Amino acid sequence: MPTEPDGTMTGTGAGALLSILRDGRARTRAELTQVTGLARSTVSQRLDALLAQRWIVPADDAVSSGGRPAVAFAFNHGGRVVASADLGVTHARVALTDLAGTLLAERTADLSIARGPVATLGWVVDTVGALLAEIGTERSRLCGVGVGLPGPVEHATGRPVNPPIMPGWHDFPVPEWLEARLGTPVLVDNDVNIMALGEHRAARPEAEHLIFVKIGTGIGCGIISERRLHRGAQGAAGDIGHIRVTSAGDVICRCGNNGCLEAGAGGGTLAARLRAAGLEAAGSRDVVRLVRGGNLLALQLIRQAGRDVGDVLAALVNFFNPAAIVLGGDLAEAGEHVLAGVREVVYSRSLPLATQHLTISTSDLGDRAGVLGGALMVIDHVLAPAAVDRTVT
Ligand SMILES: [Zn+2]
């Protein structure tokens, strides 16, 4: 019986055959019969169903060259389209990909999440429609939408839970609202989780254990454990921005506590300190601009922010023993300056065994990590064997 790479049974339905074709274990009728142990007629029946739904295409020219049924088949990654929206605090990005996660079209906008769910998600609906038109694809080929939000999301329902900087979003039925307008399943997760997923799958698939840290207006991390996203019991895992750090002192955080990592090292705080010194800085991006311009205060602030993040990460490294730490988000664009602070503290404060092979670097995908991860989340969902089976019966 076919199994997933992790050993779980996937059955012998059409979906199981599709996953075998996708991972390359077989590509011909004979190979599929051998791998699955199914009767040849059953394999043919499943293949016909997959062909009819455009999940696969003939991989030889037998059909076009003389009417003989195809012998070999390939996964049709261009047969359906996935949409993904990465909604940040101040800017948003929507992208379309094929079923292999290849980017087909994208659009970005300066959009405040504080405008509320109806205005923000309305923009997502309009933008998905515009992008589908741009690549000349019918709406019926859209098979799922992934959404990342900059706050806690209850995994089971896809609803934001008391997000501190998202007025009007608490308990808003994001999946249902979008499904009603886009006519396709919608999966919602915390933005850092989808960034971790994107970075891991597209840039560092070899890492079994990885922490992706987003350092922007807010600070949070996504955790990949044994190659899977670890969301925790309710979906709140990785919310490290509200761990207390000594250097943040008694600064009051937007969560109501004081001394939080985010209150000391978040982009909003750094920008406020630069403004207090008479510099022009509205948010994280301006901080990075000043760092790149060599402003001494900005350099000192970003280096200290790196150390503060490192302070929390040093404890996480001892606790979780990741193989890789990846820094993303706006402030990570400051590159070496923020990395230096993080490395300084993590390598001096974590246990030697835990840091022996640990790599600490900035994101390879940059500001595309989120949309790509959101698309991959949907692709996993859509291509799960049981989900494929439901489309062919
Ligand atoms: Zn806090």
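The values are calculated or read from the model by the stated rules, or taken from the named source; none is laboratory data. Everything quoted here is computed from the prediction, not taken from an experiment. Here the Cβ is made from the backbone with ideal geometry for all residues, glycine too, and neighbour counts use every protein chain on show. When the accessible area is computed, the model is the full protein with side chains, heavy atoms only, and any ligands, DNA or RNA have been set aside. Shrake-Rupley method; radii C 1.70, N 1.55, O 1.52, S 1.80 Å.
Relative contact order for the chain: what is it in percent, counting Cα pairs under 8 Å that are at least 6 residues apart?
Details: 813 pairs, mean separation 61.7, N = 393.
This gives 16 percent for the chain.
DSSP beta bridges in the range 79-237, what fraction antiparallel, as a percent rounded to 5? Walk me through the numbers on the way to the answer.
On the way: 24 of 35 bridges.
Expressed as a percentage, antiparallel bridges in the range 79-237 total about 70.
Give the residues of the range 371-393 whose amide nitrogen is closer than 17 Å to a point set 7 Å from the Cα of GLN45 in the direction of its Cβ.
What the label zone holds, given the 17 Å backbone N cut-off, is 389-393.
What is the distance in Å between the Cα centres of the range 27-58 and the range 89-108?
32
If you take every residue apart from GLY122 with its C-beta less than 10 Å away from the C-beta of GLY122, what net charge results, scoring Lys and Arg +1 and Asp and Glu -1?
Within the 10 Å Cβ shell, the charges total +1.
What full-extension length gain, to one decimal in nm, is calculated for ALA30 and ARG289 as 0.36 nm per residue of separation minus the Cα-Cα distance? All intermediate terms of the calculation are to be shown ahead of the outcome.
Details: separation 259, 0.36 × 259 = 93.24 nm, distance 5.94 nm.
In short, 87.3 nm is gained.
Once you sort the root eigenvalues of the Cα gyration tensor of the range 239-325 as a ≥ b ≥ c, which label holds: rounded (a/c under 1.5), prolate (a/b larger than b/c) or oblate (the other case)? Spell out each step's value before the answer.
Values: a/c = 2.49, a/b = 1.48, b/c = 1.68.
The shape class here is oblate.
Carbon and sulfur together cover what percent of the accessible area of the chain at a 1.4 Å probe radius?
Numbers: 8760 of 16980 Å².
Roughly 52 percent, rounded to a whole number.
Accessible area per residue, 1.4 Å probe, Å², for the chain: what's the number? Write out the running numbers ahead of the final one.
On the way: 16980 Å² over 393 residues.
Accessible surface, normalised per residue, equals 43 Å².
Testing the spin-label approximation: label points 7 Å from Cα along Cα→Cβ at GLU154 and ALA236. State their distance in nm.
1.2
Given N residues in the chain, what is its alpha carbon radius of gyration divided by 2.2 N^0.38 Å? Mind dumping the intermediate values first?
On the way: Rg = 23.1 Å, N = 393, 2.2 N^0.38 = 21.3 Å.
That ratio works out to 1.09.
Is the range 205-363 rounded, prolate or oblate when judged by the Cα gyration tensor, a ≥ b ≥ c being the square roots of its eigenvalues, rounded requiring a/c under 1.5 and prolate requiring a/b larger than b/c? Let's see the in-between values first.
Details: a/c = 1.85, a/b = 1.52, b/c = 1.22.
Prolate, because a/c is 1.5 or more and a/b exceeds b/c.
Could you give the dipole magnitude of the range 91-229 about its Cα centre, charging the beta-carbon of Lys and Arg +1 and that of Asp and Glu -1, in debye to the nearest 20?
Numbers: 12 positive and 16 negative charges, 16 e Å.
The dipole magnitude comes to about 80 debye.
List every DSSP H helix in the chain whose Cα atoms extend 27 Å or more along the helix's own long axis and whose mean Kyte-Doolittle hydropathy is at least -1.0.
Details: long enough: 296-320 (35 Å, 1.02).
Membrane-span-like by this criterion, though nothing is claimed about a membrane: 296-320.
If you restrict to DSSP beta bridges whose two residues both lie in the chain, what percentage is antiparallel, to the nearest 5? It would help to have the intermediate numbers written out before the result.
Numbers: 31 of 51 bridges.
If I count the DSSP bridges inside the chain, around 60 percent turn out antiparallel.
So how much slack lies between GLU336 and CYS255, counting 0.36 nm per residue of separation and subtracting their Cα-Cα distance, in nm? Intermediate values should be presented prior to the final figure.
Numbers: separation 81, 0.36 × 81 = 29.16 nm, distance 2.96 nm.
Gain on stretching GLU336 to CYS255: 26.2 nm.
Tell me the label-point distance for the pair ALA130, GLU280, using the 7 Å Cα-to-Cβ offset, in nm and rounded to one decimal.
It is 2.7 nm.
How much space per residue, in cubic angstrom, does the convex hull of the C-alpha atoms of the range 89-205 take up? Provide the component values of the computation, followed by the final result.
Details: hull volume 12.2 nm³, N = 117.
Normalising the Cα hull of the range 89-205 by residue number yields 104 Å³.
For the residue pair ALA74 and GLN53, what label-to-label distance in nm results when each label sits 7 Å from Cα along the Cα-to-beta-carbon direction?
Calculated label separation equals 2.2 nm.
Between the range 117-151 and the range 225-252, what is the separation of their alpha carbon centroids in Å?
30
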